[in-house]
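*Asks:* The structure's right below; bear with me while I get my questions together.
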Amino acid sequence: VQLQASGGGSVLAGDSLRLSCAASAVRFRDYVMSWFRQAPGKEREFVSAINRSNSPFYADSVKGRFTISRDNARNTVYLQMSGLKPEDTAVYYCAADRQIIMSSYFTANSYAWWGQGTQVTVSS
């Protein structure tokens, strides 16, 4: 599976961005798709996931501001980010796995496939 993330950029606090992640998976609908982020000097952290049933999951830090969605016809997952804060600054990675269980959604090393990352910079 190849994942191609895009949509990052430099914005001001309070602005919005939409990240996209296009997947090459033949049966995209079978994959749990997630977003993680990594700020300089910090570990990669869970942001959001969407499972095969289209149920979303969010980190507390982004709940109410970020929305994850998927378009199975386009093999793409999106992360709509609103109300961006400087602490959202990071490289954002999309991840995919077909055999992951719910309790593992939030752990980076549970995912077999990763995109290359897209930089999001939020200035105050």
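The values are calculated or read from the model by the stated rules, or taken from the named source; none is laboratory data. Being a predicted model, the structure only gives us computed values, none of them experimental. FYI the Cβ positions are ideal-geometry reconstructions off the backbone, even for glycines, and counts take in every protein chain you see. Protein only, heavy atoms only, side chains kept; ligands, DNA and RNA dropped before computing areas. Shrake-Rupley method; radii C 1.70, N 1.55, O 1.52, S 1.80 Å.
*Asks:* State which residue pairs qualify: first residue in contact (Cβ under 8 Å) with a residue 24 or more places away in the chain and part of a helix (DSSP H, G or I) and inside segment 95-110, second residue open to solvent by less than 30 Å² (accessible area, probe 1.4 Å) and of a type in the set (A, V, I, L, M) in any location, beta carbons under 8 Å apart, and separation of 6 or more residues or different chains.
*Replies:* A108/A95
*Asks:* Which members of segment 14-34 meet the condition of being open to solvent by less than 20 Å² (accessible area, probe 1.4 Å), closer than 17 Å to N72 by Cβ and part of a strand (DSSP E or B)?
*Replies:* C21, A23, V32, M33, S34
*Asks:* What about T121, is it open to solvent by 30 Å² or more (accessible area, probe 1.4 Å), assigned to a strand (DSSP E or B), out of contact with any helix residue (DSSP H, G or I) (no Cβ under 8 Å at 6 or more places or on another chain) and without any contact (Cβ under 8 Å) to a residue 24 or more places away in the chain? It would help to see each step written out before you state the result.
*Replies:* Values: open to solvent by 30 Å² or more (accessible area, probe 1.4 Å): yes; assigned to a strand (DSSP E or B): yes; out of contact with any helix residue (DSSP H, G or I) (no Cβ under 8 Å at 6 or more places or on another chain): yes; without any contact (Cβ under 8 Å) to a residue 24 or more places away in the chain: no.
The answer is no for T121.
*Asks:* Would you confirm, using the coordinates I've provided, whether A112 is open to solvent by less than 30 Å² (accessible area, probe 1.4 Å) and at pLDDT 95 or above? Break it down into steps so the answer makes sense when it comes.
*Replies:* Working: open to solvent by less than 30 Å² (accessible area, probe 1.4 Å): no; at pLDDT 95 or above: yes.
No: the conditions fail for A112.
*Asks:* Could I ask something else about it? For segment 95-107, how many residues are under 12 Å from the mean Cα position of the chain (by Cα) and either aromatic (F, W, Y) or open to solvent by 30 Å² or more (accessible area, probe 1.4 Å) (or both)?
*Replies:* Number satisfying all stated conditions: 2.
*Asks:* Give segment 2-13 a look and list any residue that's surrounded by fewer than 16 Cβ atoms within 10 Å (Cβ to Cβ) and over 11 Å from T76 (Cβ atoms), or say none. Walk me through it before giving the result.
*Replies:* Residues of segment 2-13 that are surrounded by fewer than 16 Cβ atoms within 10 Å (Cβ to Cβ), as a first pass: 2, 4, 6, 9-10, 12-13.
Listed by number, the residues that qualify are Q2, G9, S10, L12, A13.
*Asks:* I've got another one for you. If a residue must be of a type in the set (F, W, Y) and either under 19 Å from P86 (Cβ atoms) or crowded, with 21+ Cβ neighbours inside 10 Å (or both), how many such residues does segment 35-52 contain?
*Replies:* First, the residues of segment 35-52 that are of a type in the set (F, W, Y): 35-36, 46.
With the extra rule that they be either under 19 Å from P86 (Cβ atoms) or crowded, with 21+ Cβ neighbours inside 10 Å (or both), the set shrinks to 35-36.
Of the residues in segment 35-52, 2 are of a type in the set (F, W, Y) and either under 19 Å from P86 (Cβ atoms) or crowded, with 21+ Cβ neighbours inside 10 Å (or both).
*Asks:* Considering every residue within segment 2-15, establish whether at least one is at pLDDT 95 or above and out of contact with any Ser or Thr (no Cβ under 9 Å at 6 or more places or on another chain). Step through it out loud before you land on a result.
*Replies:* First, pick out the residues of segment 2-15 that are at pLDDT 95 or above: 2-15.
After this cut, where a residue has to be out of contact with any Ser or Thr (no Cβ under 9 Å at 6 or more places or on another chain) as well, the list is none.
Looking for residues that are at pLDDT 95 or above and out of contact with any Ser or Thr (no Cβ under 9 Å at 6 or more places or on another chain), one finds none in segment 2-15, hence no.
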